[in-house]
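Notes follow the structure.
Derivation of every value follows stated rules applied to the coordinates shown; laboratory data play no part. For clarity, every value in this text was computed on a predicted model and none was experimentally measured. Methodologically, a virtual Cβ is constructed for each residue, glycine included, from the backbone with ideal geometry; neighbour enumeration extends over all protein chains shown.
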Amino acid sequence: MKDFLIFCVDGERYALDIEYVEKIVEDRKCTKVSGLEDFIDGVISYENDLLKIVNIRKILSKKITTIENQKIIIYKDKKRRVGLKIDYVDKIEAIGADNFKPGNISFKDVDMLKMGKTCKIKDGKLVVMIDSIDISNI
């Protein structure tokens, strides 16, 4: 069993291995920077560094709306960190790897997110597992 952060974007639930979550912070105003990918809202100051903020709604081709109390997941891999702007955090739940089954889910233009396995969590709701996030080119 591993712990996963369950979060929501546009009413859909996603699961991210908690190992990659450094922190969850309140959404804040980003500084726009020209020349960045369209899915990057801008940068914020975080722990004496500039952190790019990736808008998950844009990556998933969801309608861009203003939602109160959005969160930013500080996602870290071995070398870098990036902020993932989401609608809200649902919970942390322990899920066995064998509970995830290959799904019938596809998203257009989602090269950065590796996902597709689905699982029903304890409350009976379906989540999509994000296997990894390629932040090497961000």
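Rounded to the nearest 20, the size of the Cβ-charge dipole of the chain about its Cα centre is 100 debye, with Lys and Arg at +1 and Asp and Glu at -1.
Put in line by how crowded their Cβ is, counting other Cβ atoms within 10 Å and starting with the fewest, Glu93, Glu19, Glu26 read Glu26, Glu19, Glu93. Along the stretch 75-88 the Karplus relation, 6.51 cos²θ - 1.76 cosθ + 1.60 evaluated at θ = phi - 60°, assigns HN-Hα couplings of 9, 10, 10, 5, 10, 9, 10, 8, x, 10, 7, 10, 6, 6 Hz to successive residues, with x for each Gly and Pro. Translational diffusion coefficient, Stokes-Einstein: compute it for the stretch 1-67 using the Kirkwood radius over C-alpha pairs as Rh, at 10 °C and 1.306 mPa s, and state it as an integer in µm² s⁻¹. Translational diffusion coefficient: 116 µm²/s.
At q = 0.09, 0.21 Å⁻¹ the log10 of I(q)/I(0) for the stretch 2-133 amounts to -0.25, -1.39, computed by Debye summation with a single uniform scatterer per C-alpha, solvent ignored. For the chain, the 222 nm mean residue ellipticity estimated from helices alone, with every DSSP H stretch of n ≥ 4 adding -39500 (n - 2.57) and the total spread over all residues, rounds to -500 deg cm²/dmol. Close amide H partners of Tyr46, meaning residues 5 or more places away or on another chain with modelled amide H under 5 Å apart, are Leu51. Along the axis of the charge dipole computed for the chain (Cβ charges of +1 for Lys and Arg, -1 for Asp and Glu, origin at the Cα centre), the listed residues Ile67, Leu51, Gly96 are led at the positive end by Ile67. Taking 30 Å as the cut-off for C-alpha to C-alpha distance, list the pairs among Lys76/Lys117; Lys78/Lys101; Lys32/Lys117; Lys2/Lys29 that go past it. Result: Lys32/Lys117; Lys2/Lys29 exceed 30 Å.
Fully extending the segment from Asn48 to Ile24 would add 7.0 nm, taking 0.36 nm per residue of separation and subtracting the current Cα-Cα distance. In order along the stretch 22-33, the phi-based Karplus estimate (6.51 cos²θ - 1.76 cosθ + 1.60, θ = phi - 60°) of 3J(HN,Hα) comes to 7, 6, 10, 10, 5, 4, 9, 5, 8, 8, 5, 10 Hz; Gly and Pro are listed as x.
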